[in-house]
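**Student:** Below are the structure tokens for one structure; questions will follow.
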Amino acid sequence: MKCVEARTSSGFTLVELMVVVAILAVLGAIGVPSFRDMLLNQRLATAAQGFGAALSFARMEAIQRAQGVEVIALAGGDWSEGWVVRTWTNDVYRTLRRFDRLPQGVSIDTTLGGGFAQGLRYDGNGFSRQTAKASFSAGCLTLKAETGRRASIIVSASGRAKVCNPDVSGDCGLGACGRGEKEEGGT
């Protein structure tokens, strides 16, 4: 008597393969939008930290040099195009550091805070002042991602910069950004 061996197939059927492809397509459709949101929120956090670092750098340079250093927008008050930290000596401006434009998907939220429309200047003691006036200055600039998340950079009259979330109660304190006012009032 002859013995017939049963052969087993180790491959996939077309139906099984199509089911796996369909499952992967569904998982991809769910995961891609959340990955995009995560990427935009990370860009927002990076931009806010970068602006805060520029302000801290300007303050440190003003104290070290014992002279005024200012942070101004490259495009006449439009911070989204980038900003520059500069000082002036003998009626000549000298750029200390230049910062690129905001990343794609991040913009300035003009509904919250004054946004340092004329820029911000630090005196030789590290106190913040309005660039157009000699008065002490405090205020904020708020950035917003396309996801709706926001980050505010608040500068106190003493010149210290702080990055916070204006949508979390108490995170930004009671300053102009915390109240949602357009003025550049105290913190």
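**Student:** Of the residues R43, R65, R36, which single one is charged (D, E, K, R), at negative phi, within 24 Å of the chain's Cα centre (by Cα) and modelled with pLDDT of 90 or more?
**Tutor:** Working: R65 fails: within 24 Å of the chain's Cα centre (by Cα); R36 fails: modelled with pLDDT of 90 or more.
Checking each option against the conditions leaves just R43.
**Student:** Looking only at segment 124-183, which residues are modelled with pLDDT under 85, out of contact with any helix residue (DSSP H, G or I) (no Cβ under 6 Å at 6 or more places or on another chain), within 19 Å of V106 (Cβ to Cβ) and surrounded by 22 or more Cβ atoms within 10 Å (Cβ to Cβ)?
**Tutor:** Listed by number, the list holds a single entry, C177.
**Student:** Hey, could you check segment 10-61 for residues that are aromatic (F, W, Y) and part of a helix (DSSP H, G or I) and say which is farthest from S156 (Cα to Cα)? Talk me through it step by step, then tell me what you get.
**Tutor:** If we filter segment 10-61 for residues that are aromatic (F, W, Y), which is where we start, we get 12, 35, 51, 57.
From what is left, the residues that are part of a helix (DSSP H, G or I) are 35, 51, 57.
Numbers: F35: 35, F51: 15, F57: 15 Å.
Selected residue: F35.
**Student:** Determine whether segment 3-26 contains at least one residue that is within 13 Å of the chain's Cα centre (by Cα), loosely packed, with under 14 Cβ neighbours inside 10 Å and either closer than 30 Å to G126 by Cα or modelled with pLDDT under 90 (or both). Let's see the steps before the verdict.
**Tutor:** Going residue by residue through segment 3-26, those that are within 13 Å of the chain's Cα centre (by Cα) are none.
Checked against the condition, which is being within 13 Å of the chain's Cα centre (by Cα), loosely packed, with under 14 Cβ neighbours inside 10 Å and either closer than 30 Å to G126 by Cα or modelled with pLDDT under 90 (or both), segment 3-26 yields no hits at all.
The values are calculated or read from the model by the stated rules, or taken from the named source; none is laboratory data. These numbers were taken from a predicted model, which means no experiment stands behind them. Quick reminder, even Gly has a Cβ in these numbers, built from the backbone with ideal geometry, and neighbours come from all protein chains shown.
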